[in-house]
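These notes concern the structure reproduced below.
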Amino acid sequence: MIKKTVTELCAALASGETTSEALTRAYLDRIAEHNGALNAYITVCEDSAMAQAREADAQRAAGSTAPLLGIPIAHKDLFCTQGVLTTSGSKILHNFVSPYDATVVERMQAAGAVMLGKTNMDEFAMGSSNESSYYGAARNPWDLKKVPGGSSGGSAAAVAADLCAMATGTDTGGSIRQPAAFCGVTGLKPSYGRVSRWGMIAYASSLDQAGPLCKSAEDAALLLNVMAGVDNKDSTSIDLPAEDFSAKLNDSLDGLRVGLPKQYFTSELNPSIAAIIKTAVGELEALGATVVEIDLPNSELALSAYYVIAPAEASTNLSRFDGVRYGYRCEGPKDLEDLYKRSRSEGFGEEVKRRIMIGTYALSAGFYDAYYRKAQKIRRLVKDDYARAFEQVDVIIGPTTPSPAFGLASIKDSVTMYLEDIYTIALNLAGLPGMSVPAGYVDGLPIGMQIVASDFAEAKLLNVAHQFQRVTDWHTHKPALTANKEA
Ligand code: GLN
């Protein structure tokens, strides 16, 4: 039962085939068995999960039909959860118990979901491998010696290994799509403004967006229905008419125009991945799509612009962690200055400090024009590239990542790690929605196909992904966890 999709579990709960209590118990048992090897969860909420499950069963008996009633889920550990440890993968928040729920958490709870726990992540969502987590890296369920991707690696590993029915993630430069690709699950980064950021511990506020990691596009639609919508606590959330993302999943793809960016299919792309994506696009052609080559001339500038803008925003967002208001405080500070300096030096990890320094530098008076303003101009060029492309096509398709999951501790320098995001990062600069869906294997490791749509066209994105999943079964494959448990 725990291997089923959310959609299937909803039906099983509605028909009485199972109960939320039985299901929640089964996931908790599975977590107890495998979390030691996978390190996917930072916190497991056994007692409260069982209580929520019993409550969900009671509500169902009383006639409730809430959309996720009794479904056991997990939240990335940067969503504030009332009364539950919320670390953002950092030592500086090792003791932070949130006094309130993030809007996403509140909406999932109102829809009846049961929270199993909080998932592992790169510290403050900075990373592509989960290795910057203060709590140790999560592992890839397909091969425990490989990274699960990042920053939402714990969520992706938990979904892939059936340690939850779905998990939330956030994506600032690829953090939902890249781990989804590495772990062979379906991940959706919505358009900027589609989902409220309130109660998410901020990394780069103009780029961060929350979305689901799950087992099918059909589930992603159902979950987006619950997560999306304007929130007066987040002034960047957009007030659009309510939309049912499940309604158009079965629209025909006849006449769909698919764009393949010529900048993606170069000699730098692993040829086996290129072949997988071409085969996947062939499936869409068989469903009636036509393919055209498109030009995204400023693609290669996106990564550099991101690594100015994201650290700049992070440096200001992270100034709130000062050892005074919450979180880690150094021992025996001499004076206030010493308190600030040592609490931050001891509380933040390497990568976070690197980004704070880069960001502070880029925003400083003498360098603002040369770096920050320039990066913002590039951001506009990148956005305009996509706007022009979407005059020609309905969706843009390419690989999610340049390689399959890499080995733990195999990437030692930051710039090589940053290059992991070359296909995902431009979407965040442009604010566009994107998905990663499983499309094949290289060396026994899952490969993701990225599908991109224009602003707020998530329904189109989900339609294409669902039709692809109707004619393929990559998304249903499971890692042989027991086989590599000893690794
Ligand atoms: N890997 C990118 C970074 O480190 C993206 C992370 C994310 O999307 N949160 O910034």
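The values are calculated or read from the model by the stated rules, or taken from the named source; none is laboratory data. None of the values given here were measured: they were computed from a predicted structure. Positions of Cβ are generated from backbone atoms using ideal geometry, with glycine treated the same way; all protein chains shown enter the neighbour counts.
In the set (1) modelled with pLDDT of 95 or more; (2) aliphatic (A, V, I, L, M); (3) over 25 Å from residue 40 (Cβ atoms), the condition left unmet by residue 242 is number (1). Residue count for region 87-106 satisfying the condition of being assigned to a loop (DSSP other than H, G, I, E, B) and buried (at least 24 other Cβ atoms within 10 Å of the Cβ): 5. Only residues that are among the aromatic types (Phe, Trp, Tyr) and over 27 Å from residue 223 (Cβ atoms) were counted in region 237-271, giving 2. For the condition under 29 Å from residue 280 (Cα atoms) and out of contact with any Lys or Arg (no Cβ under 9 Å at 6 or more places or on another chain), residue 388 qualifies.
Of the residues making up region 48-106, those that are of a type in the set (Lys, Arg) and within 30 Å of residue 131 (Cα to Cα) are 76, 91.
So if I check each of 52, 82, which one is part of a helix (DSSP H, G or I) and of a type outside the set (A, V, I, L, M, F, W, C)? Can you show your working first?
Numbers: 82 fails: part of a helix (DSSP H, G or I).
Among 52, 82, only 52 is part of a helix (DSSP H, G or I) and of a type outside the set (A, V, I, L, M, F, W, C).
Quick test for you: out of 223, 188, pick the one residue that is touching a Lys or Arg at 6+ places or on another chain (Cβ under 9 Å), closer than 19 Å to residue 165 by Cβ and among the aliphatic types (A, V, I, L, M). Every option except 188 fails the conditions. Taken over region 391-420, the criterion of being closer than 22 Å to residue 301 by Cα, surrounded by 24 or more Cβ atoms within 10 Å (Cβ to Cβ) and under 17 Å from the mean Cα position of the chain (by Cα) is satisfied by 399, 400, 401, 420.
Counting only helices (runs of 4 or more DSSP H) that sit completely within region 392-472, those holding 2 or more residues that are modelled with pLDDT of 95 or more and within 16 Å of the ligand (Cβ to nearest atom) correspond to 425-430.
Only residues that are of a type in the set (Gly, Ala, Ser) and surrounded by fewer than 18 Cβ atoms within 10 Å (Cβ to Cβ) were counted across region 38-65, and they come to 7.
Is one or more of the residues making up region 411-432 among the charged types (D, E, K, R) and free of Cβ contacts under 8 Å to residues at least 12 places away in the same chain? Yes, region 411-432 has at least one match. Residue 24 satisfies every condition listed in (1) under 20 Å from the mean Cα position of the chain (by Cα); (2) closer than 25 Å to residue 479 by Cα except (1). Tell me which residues, restricted to region 425-462, are surrounded by fewer than 24 Cβ atoms within 10 Å (Cβ to Cβ), closer than 19 Å to residue 208 by Cβ and among the charged types (D, E, K, R). Scanning region 425-462 gives a single hit, 455.
Quick one: would you say residue 236 is modelled with pLDDT of 95 or more and farther than 17 Å from residue 168 by Cα? So residue 236 fits the description; yes.
Filtering region 125-156 to residues that are more than 16 Å from the ligand (Cβ to nearest atom) and over 18 Å from residue 443 (Cβ atoms) leaves 135, 136.
Restricting attention to region 108-131, report how many residues are in a loop (DSSP other than H, G, I, E, B) and either acidic (Asp, Glu) or crowded, with 24+ Cβ neighbours inside 10 Å (or both). Reasoning before the result, please.
So in region 108-131, the residues in a loop (DSSP other than H, G, I, E, B) come out as 111-113, 120-122, 126-131.
Filter once more, so that each one left must be either acidic (Asp, Glu) or crowded, with 24+ Cβ neighbours inside 10 Å (or both): 113, 120-122, 126-131.
The number of residues fulfilling the criteria is 10.
Please go through region 349-380 and give me each residue that is within 16 Å of the ligand (Cβ to nearest atom), of a type outside the set (A, V, I, L, M, F, W, C) and either touching a residue at least 40 places away in the same chain (Cβ under 8 Å) or over 16 Å from residue 415 (Cα atoms) (or both), ordered by number. Residues satisfying the conditions are 349, 350, 351, 354, 355, 359, 379. Filtering region 286-322 to residues that are away from the ligand (no atom under 16 Å from the Cβ), touching a residue at least 40 places away in the same chain (Cβ under 8 Å) and farther than 30 Å from residue 253 by Cα leaves 301, 321.
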